[in-house]
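Read through the structure below, which is laid out as structure tokens, and then see the notes.
The values are calculated or read from the model by the stated rules, or taken from the named source; none is laboratory data. The structure displayed is predicted, hence computed values, not measured ones. When we count neighbours, we look across all protein chains shown, and the Cβ atoms used for this are built from the backbone with ideal geometry, even at glycine. Calculation scope for accessible area: heavy atoms of the full protein, side chains included, ligands and nucleic acids excluded. Shrake-Rupley method; radii C 1.70, N 1.55, O 1.52, S 1.80 Å.
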Amino acid sequence: MRALTWHGKRDVRVDTVPDPQLKDATDIIVRVTSSGICGSDLHLYEVLGPYLDPGDILGHEPMGIVEEVGADVTELSVGDRVVVPFNISCGHCFMCDRGLQSQCETTQVRERGSGAALFGFSKLYGQVPGGQAEFLRVPFGNTLPIKVPSGPADDRFVFLSDVLPTAWQAVEYADIPQGGTVTVLGLGPIGAMAARIALHRGASLVVGVDLVPERLSRAHADGVKALDLRRHGKDLGDVIRDLTDGRGTDAVIDAVGMEAHGAPVAKAAQWGVGLLPDALAEKLMDRVAVDRLNALYSAIDIVRRGGTVSVIGVYGGAIDPMPVLTMFDKQIQLRMGQANVKNWVDDILPLLTDEDPLGVDGFATHHMSLEDAPEAYRMFQDKEDGMIKTLLRP
């Protein structure tokens, strides 16, 4: 089969690799029909190379058609249409029973001290082959895949793999009061969808912050108060307080994570570590890694006293400095973590089966062939051609 594979920093290629095979009686094989490129994929493209080996298959946002089922699969049949959650969860352990599928005790990567294994996301999360490929082996065929109806195009359902549940959890964790206010930092795919969900769920004011014109324009069209970081810079907190009676918003969602602009020293350190031999670089990243924390610091500044900061952007630092005095003084609640995809499906799926209140049908800005994936990664990294969300079609 053809699959997108990692070969080095900013070096991904579409190679011919062996087809996946059933390994366990509850496995299924999915013929991938669409697979998204995620902002987290750019972490692998840029700074997490020490945790990858050449030939690793990337991608964690797939959907497709069941091609083969293991002997013990009873919930799916060949020909069924499924979305595959990005975290690999068994569905019946202590954590899964509590809606914490991202912490699944069956697939936790204990040698790395990590939570549940993820498709296509490095040694940190199990080094499981990903879904930017023609076919994908999916374990736990009775409990993990999300069966969806035939009919609508893939765009209606594919975002159940990551974008929709991740954004939904970001809003849920933000604990926005009914009719309350929220700031979303970063208007990439997750931030943009979180803003739409916050509005759908009754927020009276959603402030969106970014510095990419196309992202700002789209958010404005969605009903978001879009603020250009290039214009407001260090005054951003004051601008948002002026919009909220001097207090700040009830909640802030950090949808940026380690890719935040600014913090040149941390940025230089990340790049420098990437130039070291993998064994040494991996040890340094495990023990002394420091993120660029501008977005998180901004969130702590912007949120009102007694408010909530929801962190859904990915961070990877081991010794990140946090302004604990300010957080304590402002009585801030802080929630974060990988999305528990399966936990939110029952809330989201009804919004996809009849009408389209979240605008998923038009959410992808680009559709490209799997063969063009290396160019799509480059465009996404360089923010070219208004690219916000891309779906690859094998």
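Values for this structure:
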{"item": "Positive dipole terminus of the chain, leading residue within Ile348, Ile37, Tyr173 (C-beta point charges)", "result": "Tyr173"}
{"item": "Where Rh is the Kirkwood radius over Cα pairs, Rg/Rh for segment 103-212", "result": "1.03"}
{"item": "Computed accessible area, Val12, all protein chains, 1.4 angstrom probe, square angstrom", "result": "10"}
{"item": "Asp356 accessible area, 1.4 Å probe, all protein chains in place, Å² to nearest 10", "result": "40"}
{"item": "Residue-normalised accessible area of segment 1-146, given per residue in Å² at a 1.4 Å probe", "result": "36"}
{"item": "Spread of Cα-to-Cα distances over 10 Å intervals beginning at zero, given as percent, for segment 130-169", "result": "23, 52, 25"}
{"item": "Largest-first ordering by accessible area, 1.4 Å probe, given options Lys23, Lys9", "result": "Lys23, Lys9"}
{"item": "P(r) tail fraction, segment 295-392 - alpha-carbon pairs more than 18 Å apart, %", "result": "68"}
{"item": "Estimated vicinal HN-Hα couplings, Hz - segment 226-240 in sequence order (Karplus 6.51, -1.76, 1.60; Gly, Pro = x)", "result": "8, 10, 8, 4, 5, 7, 9, x, 5, 8, 4, x, 5, 4, 6"}
{"item": "Choice from Pro374, Pro85, Pro357 with maximal GNM fluctuation in the chain (Cα, 10 Å cutoff)", "result": "Pro357"}
{"item": "Cα radius of gyration and Dmax for segment 1-112 (Å)", "result": "15.6, 42"}
{"item": "Area accessible to solvent at Tyr297, 1.4 Å probe radius, in Å²", "result": "90"}
{"item": "Relative contact order %, the chain, counting alpha carbon pairs below 8 Å whose residues are six or more apart", "result": "18"}
{"item": "Solvent-accessible area per residue for segment 177-233 (1.4 angstrom probe, square angstrom)", "result": "38"}
{"item": "Within the accessible area of segment 59-171 (1.4 Å probe), percent carbon and sulfur", "result": "48"}
{"item": "Relative compactness, the chain, computed as alpha-carbon Rg over 2.2 N^0.38 Å", "result": "0.95"}
{"item": "Sequence-distant residues sharing a close amide H with Gly180 (under 5 Å, placed H)", "result": "Ser204"}
{"item": "Solvent exposure, largest accessible area first (probe 1.4 Å, DNA, RNA and ligands not counted), of Glu134, Glu355, Glu61", "result": "Glu355, Glu134, Glu61"}
{"item": "Non-local Lys pairs in the chain, i.e. 8 or more apart or on different chains, that have alpha carbons under 16 Å apart", "result": "4"}
{"item": "Calculated log₁₀ intensity ratio I(q)/I(0) where the Debye formula runs over C-alpha points of segment 169-229, q = 0.15, 0.16 Å⁻¹", "result": "-0.35, -0.40"}
